[in-house]
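The values are calculated or read from the model by the stated rules, or taken from the named source; none is laboratory data. From a predicted model like this one, the values you see are computed outputs, not experimental measurements. We place every Cβ from the backbone using ideal geometry, glycine too, and count neighbours over all the protein chains shown. With ligands, DNA and RNA removed, areas are computed over all heavy atoms of the protein, side chains included. Shrake-Rupley method; radii C 1.70, N 1.55, O 1.52, S 1.80 Å.
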Amino acid sequence: SGEAALGKHLSLAGEMVIALRLQQIAGGIAPRFALREGSELEYVTTLEEIPDAKLEWTLQWLRDHLNGNTRVILWHRFNAEVRRYYREIVQLVGKDGVVFCNRDTSDRDLIDYKQSFNSRSADGVQVIVAQIDKMHAGHNLQAGDFNIYVSHTWSYIKRAQSEDRTHRLGR
């Protein structure tokens, strides 16, 4: 539909809804339909059934660039995207090498994740799959070698602050 209802008398303009849906589609979150053999549109029940070129590129990039010392932060806008990437990357680097941080992550877990990431230990966290809204400010991730933005927020401030999480002199 061209409008999203926000209550009895409020709605978003069609252009905003379309922009949001396009961002979700590019992030592999929507639609719940996909083309199958014979070019018929078919209902898809899970995200894993929808091919995601960005995910495949990201996994290949990690295969090519990760070593025991490399630290990477993957930034996402949507919760479903964070979870999907985490599940795939765990298969690549192992459960101890990757963590995800979204709006449901506790402060205690965040502290532990950051310590492991910043320690640069060979058996520590190498990849943080982060939701921009959760991790854009107030977190020191200075051991990070790479920031990869899988999906973007519409907020320039959050984007700039997320970039600053890994900034340090000489790097």
Checklist entry - Under the condition of being open to solvent by 90 Å² or more (accessible area, probe 1.4 Å) and in contact with a strand residue (DSSP E or B) (Cβ under 9 Å, 6 or more places away or on another chain), which residue from segment 37-82 is modelled with the lowest pLDDT? => result 43
Checklist entry - Can you tell me which residues in segment 83-102 are open to solvent by less than 30 Å² (accessible area, probe 1.4 Å) and part of a helix (DSSP H, G or I)? => result 84, 85, 89, 97
Checklist entry - Of the numbered conditions (1) in contact with a His (Cβ under 8 Å, 6 or more places away or on another chain); (2) closer than 22 Å to residue 55 by Cα, residue 165 satisfies every one except a single condition; which is it? => result (2)
Item to check | Residue count, segment 117-171 (criterion: open to solvent by less than 50 Å² (accessible area, probe 1.4 Å), hydroxyl-bearing (Ser, Thr, Tyr) and not in a loop (DSSP other than H, G, I, E, B)) | outcome: 2
Checklist entry - Mind checking which residues of segment 126-144 are small (Gly, Ala, Ser) and closer than 22 Å to residue 94 by Cβ? => result 130, 143, 144
